[in-house]
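The structure appears right after this line, and notes come after that.
The values are calculated or read from the model by the stated rules, or taken from the named source; none is laboratory data. If you're wondering where the values come from, they're calculated on a predicted model, not measured in any experiment. Cβ: placed from backbone, ideal geometry, glycine included. Neighbour counts: every protein chain shown.
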C-alpha cells in the first residue's frame, strides 16, 4: 500500500497546471466532442455547483463533475 502526501500532490498539480479555469475548447480537446458540447457541459457544471453566470468553472470542478483525475486532465491542457 502506498502512502500519498496530498499536499505534495496538490503542489505538483498546481505546478503542472498554468491556469485555474477551463473553457469549451479545453473540454473539446479532452473529450473529443464538439465546442457546443463543451459550452453545454460548462452550463451543467455551473448549475451543479450553484455558480452564477459570470463565474468561471475551475479545472478541479470539471474533474469532480466528470470523474476524471486531475493529473490526466493537466497533461491534456499543456
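General observations
- Yes/no for residue 14 being modelled with pLDDT under 95, out of contact with any helix residue (DSSP H, G or I) (no Cβ under 6 Å at 6 or more places or on another chain) and outside any helix (DSSP H, G or I): no
- Applying the criterion of at least 2 residues that are touching a residue at least 24 places away in the same chain (Cβ under 8 Å) to the helices (runs of 4 or more DSSP H) found wholly in region 20-78 leaves 24-31, 59-66, 70-77.
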